Structure formats: C-alpha cells, structure tokens
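Q: Quick one: the structure is below, questions incoming.
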Ligand code: FRU
C-alpha cells in the first residue's frame with residue numbers, strides 16, 4: 001500500500017515538474033480544526049453544514065472540491081456550493097463560497113468541466129471557462145405542490161474557479177414534469193465529440209448530449225428495472241475503466257436513499273457499455289461500492305492527471321447526518337480513492353485504493369502478531385494500519401479505549417464480514433446510528449489479502465483485499481481509540497504496521 005502511495009504521489013506530480021510547498025491552511029496555534037471529533041486527515045468545512053461533493057475537477061495543477069454547503073447552520077438548509085482546493089488531494093485550502101442560491105432556487109449537486117475549446121462561448125481566448133452544471137431547487141414551487149421544481153442550470157468562472165457568474169438564460173434543462181430531477185454529471189465524450197450529461201429522475205437515470213454545454217438533447221434512460229430501488233436515485237456518474245486484461249467497460253455509479261444494504265443511504269454501481277447515446281448492462285445482481293454506512297453521493301474527478309479515476313464521497317448517511325455529535329460543523333468527505341476495475345470468475349468488480357500524500361505519514365511502529373493477540377497500546381490517535389490476512393480464517397479486530405470499542409470481524413463459516421459499532425462511543429444521538437451489527441456476505445478464499453485501516457478522530461475506513469471490500473463508518477468515541485487487538489490465525493504478514501497520520505490542518 002505504501003508503495004502504491006509513493007508511486008501514486010510521484011505519478012501525480014511528475015508531469016508538472018515540481019512539487020509546490022504545502023502550506024498548512026490553518027494559522028499556527030489556531031484552535032480551528034482542533035475541536036472534539038474534528039477529522040485531522042479528511043476534508044471537513046471550517047464550520048456549518050456540508051453534504052455531497054460537487055464539481056470535482058482537476059484544473060491548473062489543482063484539485064477542486066466544491067460541496068453542498070449551508071453556511072448558516074449545522075443542519076441542512078438553503079444550499080450553496082462551498083469550495084476548497086488542493087495540490088495533492090490530502091492538504092486542503094478553504095476558498096470563498098462559489099455559488100449562492102438565487103431566484104431560481106437553491107444550488108443542489110452537480111459537476112464541473114473546463115471548456116478548453118470554448119464550445120460554450122463563455123470563455124475568453126486567454127482563459128477557458130470552468131463551467132459548473134448543477135440543479136436548481138425551487139422551494140417556492142415545491143411549497144406550491146408543483147412537480148417541476150428541479151431544473152438544471154450552469155455557471156462559469158474565468159479565474160480558475162475562484163469567482164462565478166451564473167449563465168443569464170438559466171435553466172439550460174427545463175423540468176419535464178418529474179418530481180426528482182437532479183444531480184447532473186457532465187463529461188467530454190471523445191468518441192462522439194460531445195458533452196454528455198447524466199442526471200437522475202427518481203427511479204432512473206437520463207442521458208443527454210450537447211455541443212456547447214447550453215443546448216442539451218435528451219437521448220435515453222437507464223435503470224427503471226435495474227439495480228437497487230429502495231429509495232430515490234441520486235448523484236450519478238458515468239466513466240470508462242479498463243481492466244488489467246485490457247477490456248474497457250463503462251461504470252455507472254448511482255447513489256440511493258434510502259435502500260442501502262445497511263439502511264439509509266448507499267451507493268451502487270453498474271458495469272456495462274456506453275456508446276455515446278445509451279448505457280447498457282447485463283448485470284443482474286446489485287453491486288455496492290462501499291459496505292459501510294458512511295460513504296454517500298460519491299462521484300469522480302473530471303480531468304485528473306494520468307487519466308486516474310478518483311472518487312470522493314460524503315462520509316455520512318441521511319439516516320442520522322443532521323444529528324451527529326459535532327458542535328460547530330457537520331460532516332467530512334471520505335479519503336479520496338483511486339478506482340480500478342477487476343475481473344473475477346464471478347464478474348467485474350471495483351477496487352478502491354485510498355490516496356494519502358506520504359508526507360503526512362508520521363512515526364511508524366511494527367507489532368508482532370503475538371503482541372496484537374494480547375492487545376497493544378497505540379502511540380497516536382490518528383493512524384493507518386496495514387497487514388496481510390487470510391480471509392478463510394476467523395478474525396476479530398478491535399480498536400478500543402477504556403470505555404468504547406469498535407469491532408470488525410470476519411467469519412468464514414457463515415461467510416460474513418461484520419462491523420459492530422454498537423459500543424464504538426456515544427450512539428444515542430440517533431436510534432438509527434448503530435441499532436445492530438452491519439453484516440456483509442463474502443466468499444472466503446484461502447489466499448493473502450491486503451488490509452489497510454485508516455482511523456481519524458471520527459471515522460474508520462477499512463479496505464480489505466486491496467480495496468475490494470470497503471467499509472466506511474463514522475464513530476464518535478469518548479476518547480481516541482488507543483488499543484488494538486487482533487484475534488486471528490489468519491494474519492500472514494510477520495508484522496502489523498502502524499503509522500501515525502499527521503494533521504493536514506496543523507503543524
Ligand atoms: C444527495 C442529495 C442530492 C441533492 C443534494 C441536496 O445527498 O440529496 O440528490 O442534490 O443532496 O443537498
């Protein structure tokens with residue numbers, strides 16, 4: 001995994017010649033980003049409410065993260081697009097709010113592209129426009145009981161995403177009379193030489209194309225009878241990935257709320273084909289992107305260097321997102337993850353590899369397998385753990401402090417992986433947070449599988465089998481977990497590698 005991080009970081013930076021110094025975005029000695037439960041190596045807004053990642057785009061050497069933001073409260077409200085930027089996907093700089101609600105409505109989720117050829121005419125010769133495509137949510141229309149309260153609008157920036165102008169003839173896609181009609185993802189489709197837009201409409205996705213980002217032609221629908229339909233479809237994404245064997249497939253990501261495998265919100269994906277007009281798949285089963293409860297509305301970066309597919313999700317769940325016990329802000333993003341497509345005899349599946357810039361990896365310690373059986377004290381509260389595990393052996397992995405414990409177990413006899421956060425810390429803030437264990441089916445196979453675990457102040461992300469099974473969960477322990485115990489005959493690596501992860505916000 002470490003090798004991967006190192007390699008990835010160099011790949012990331014090589015084409016651009018130099019690595020810029022990473023300026024810590026918080027003043028020295030500031031108390032900002034020091035609150036109880038404040039994530040130290042994940043992005044969270046300085047204050048107030050955040051949900052979905054929006055407009056993920058790499059431009060002019062920077063990764064932009066726009067996000068659903070309500071700057072006046074720690075619960076959901078009139079939606080804006082907040083904004084942060086990063087050189088390395090690990091250290092983030094907060095930027096001024098990008099998009100404010102206007103007379104057409106709140107600014108719901110969407111995407112961003114750079115119109116390098118000025119197809120829209122919104123750019124200048126010396127400065128291509130960054131164009132944001134988002135959903136307008138008209139509260140007035142909703143209150144009046146109308147169904148057409150969601151439309152799609154665009155805005156553009158001529159200064160690398162810092163300031164924005166709304167297009168003066170919004171909306172660019174009118175509502176055809178569908179109640180839920182939102183979350184446009186736009187990308188350039190090389191083969192058809194068109195912009196493609198995919199949005200969701202309740203129980204299906206709708207695909208459009210355009211030559212100029214302004215005039216859109218409706219092409220096709222997908223999904224009425226495919227996939228999970230326990231709730232409304234949200235935040236789609238569509239992109240190609242090629243397997244190690246050289247087969248290219250298109251991946252359609254669709255979040256659904258409620259209806260996730262563990263209750264509430266979750267994200268499913270389809271592996272299929274896209275010909276510039278229509279997405280098709282012969283996939284019968286439902287594939288979930290993450291088996292934990294806290295990875296929702298995830299979408300991928302447009303234009304990332306080296307053609308990498310990098311996903312980031314909102315690390316929460318609509319079941320309890322507005323009740324979590326943080327005081328001045330709510331929610332964080334997941335670690336960014338690079339996606340790859342693999343093929344197994346049982347079909348295609350996605351693997352996710354977390355991206356962490358190596359400079360935040362602090363002191364490292366190696367524990368013997370026999371030591372962790374008895375339990376070891378951990379030298380820091382935010383960390384990464386790595387080891388190899390035989391998934392055909394029973395394993396109980398526990399992170400604890402004197403009063404709380406988080407348990408991840410693997411039971412090959414029942415064919416289950418199980419997350420138990422019932423005693424992970426205070427959970428009473430919502431009866432939906434941890435009423436039961438999270439049980440996931442898997443196929444036990446006797447072979448070494450890489451496990452990587454990332455523990456921050458209020459989250460644990462577990463990547464099993466090199467990112468094939470991913471579990472993203474929030475936790476709110478009374479004190480940071482400081483003890484590790486692994487009961488298993490399946491730990492294959494000689495050592496369990498512990499690495500402290502330094503704060504991205506403070507020295
Ligand atoms: C997903 C979502 C989107 C919508 C946004 C509103 O979490 O419901 O469908 O655009 O949040 O904030």
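Laboratory data are not the source of any read-out in this text; all were calculated from the coordinates shown. Keep in mind the model is a prediction, meaning the values are calculated, not measured. Backbone-built Cβ (ideal geometry, glycine too); neighbour counts: all protein chains shown.
Q: By how many nm would the segment from residue 346 to residue 446 lengthen if fully extended, with 0.36 nm per residue of separation less the alpha-carbon distance? List each step's numbers first, then the result.
A: On the way: separation 100, 0.36 × 100 = 36.00 nm, distance 1.65 nm.
Answer, rounded to one decimal: 34.3 nm.
Q: How much length is gained if the chain between residue 483 and residue 282 is pulled fully straight, taking 0.36 nm per residue apart and subtracting their Cα-Cα distance, in nm to one decimal? Display every interim value, and only then the final one.
A: Details: separation 201, 0.36 × 201 = 72.36 nm, distance 4.60 nm.
67.8 nm is the gain from fully extending residue 483 to residue 282.
Q: Okay, next question. Sorted by packing (mean other beta-carbon atoms within 10 Å per residue), highest first, where do 463-471, 420-428 land? Walk me through the intermediate numbers first.
A: Details: 463-471: 20.9, 420-428: 17.4.
So the order, starting with the most tightly packed, is 463-471, 420-428.
Q: Using only the alpha carbons, work out the radius of gyration and Dmax of the chain in angstrom.
A: Values for the chain (Cα only, Rg and Dmax): 22.1, 67 Å.
Q: Please compute P(r) over all alpha-carbon pairs of the range 49-203, binned at 10 Å starting from zero, and give each bin as a whole-number percent.
A: 11, 40, 36, 12, 1
Q: Still on this model: Add -39500 (n - 2.57) for each DSSP H run of 4 or more in the chain, then divide by its residues: what number comes out at 222 nm, to the nearest 500 deg cm²/dmol?
A: Values: 3 runs with 23 residues, N = 507.
The helix contribution divided over the chain gives -1000 deg cm²/dmol.
Q: What is the distance in Å between the Cα centres of the range 68-101 and the range 185-217?
A: So the two Cα centres are separated by 25 Å.
Q: Peptides 478-487, 307-316: what's the order by average Cβ count within 10 Å, highest mean first?
A: Numbers: 478-487: 17.3, 307-316: 23.3.
The densest-packed peptide leads the list: 307-316, 478-487.
Q: Apply 1/(1 + (r/R0)^6) to the Cβ-Cβ distance of residue 139 and residue 507, taking R0 = 35 Å, and write down the FRET efficiency to the nearest 0.05. Intermediate results must be reported in sequence, preceding the final value.
A: On the way: r = 43 Å, r/R0 = 1.24.
That gives a FRET efficiency of 0.20.
Q: OK, next. With a Förster radius of 30 Å, plug the Cβ-Cβ distance of residue 377 and residue 492 into 1/(1 + (r/R0)^6) and report the FRET value to the nearest 0.05.
A: Working: r = 24 Å, r/R0 = 0.80.
Calculated value: 0.80.
Q: As I understand it, the value is the acute angle between the Cα axis of helix 2-13 and the longest principal axis of the Cα atoms of the chain; what does it come to in degrees, rounded to 10?
A: 30
Q: Turning to a different aspect of this structure: Please report the equivalent ellipsoid semi-axes of the range 126-229, computed as sqrt(5 x eigenvalue) of the Cα gyration tensor, largest first, in whole Å.
A: Working: eigenvalues 119, 76, 23 Å².
Sorted largest first and rounded, they come to 24, 20, 11 Å.
Q: Fewest first, what order do 251, 440 take by the number of other Cβ atoms within 10 Å?
A: Working: 251 24, 440 19.
Ranking 251, 440 by Cβ neighbours within 10 Å, fewest first, gives 440, 251.
Q: Oh, and also: Please quote Rg/Rh for the range 93-184 to two decimal places, taking the Kirkwood radius as Rh and restricting both calculations to Cα atoms.
A: Working: Rg = 14.0 Å, Rh = 13.8 Å.
Reported Rg/Rh (Cα atoms, Kirkwood Rh): 1.01.
Q: Within 10 Å of each residue's Cβ, count the other Cβ atoms and sort 204, 224, 416 from fewest upward. Provide the component values of the computation, followed by the final result.
A: Numbers: 204 19, 224 11, 416 16.
Lowest count first: 224, 416, 204.
Q: Which whole-angstrom value gives the distance between the alpha carbon centres of the range 223-301 and the range 302-371?
A: Comparing the Cα centres of the range 223-301 and the range 302-371, I get a distance of 17 Å.
Q: Oh, and also: May I ask you to sort 61, 456, 215 by Cβ crowding, counting other Cβ atoms within 10 Å and putting the fewest first? Display every interim value, and only then the final one.
A: On the way: 61 15, 456 26, 215 12.
Placing the least packed residue first, the sequence is 215, 61, 456.
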